[in-house]
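Just so it is clear, none of the values below were taken in a lab; they were calculated from the coordinates. Remember, predicted model here, so these are calculated numbers, not experimental data. Backbone-built Cβ (ideal geometry, glycine too); neighbour counts: all protein chains shown.
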């Protein structure tokens, strides 16, 4: 798609032709660029035998803004399958969430581990 921009700059006005039907309007075209969707990363919480389930639920509520029902469901998935997805974010936000999980777990003397992995891009060509 091409955008048309109207300009009434002094340079454009000085160079205009008085007999021109456009008057003081100069048309400039510019091609529009599409920004690519940023790559997304899943933040994973890993199960261990020492971290209390209540702590994991509260962590999911505080760090990942989950309601109690969703946090409990995710915690049970982590407990039963060894890990679970806490959320999907851009790289920088995912890194921050992982660091927050580790910091809060260490403050409570829990060995809880979080990690991040790239999400599959449905638009990528295989």
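Each peptide in 47-54, 25-32, 84-91, 99-106 gets a packing score, the mean of other Cβ atoms within 10 Å over its residues, and the list from highest to lowest is 84-91, 99-106, 47-54, 25-32. Distance between the pseudo-spin-label points of residue 76 and residue 62 (7 Å out from Cα toward the beta carbon): 2.4 nm. Multiplying the residue separation of residue 46 and residue 117 by 0.36 nm and subtracting their alpha-carbon distance yields 24.3 nm.
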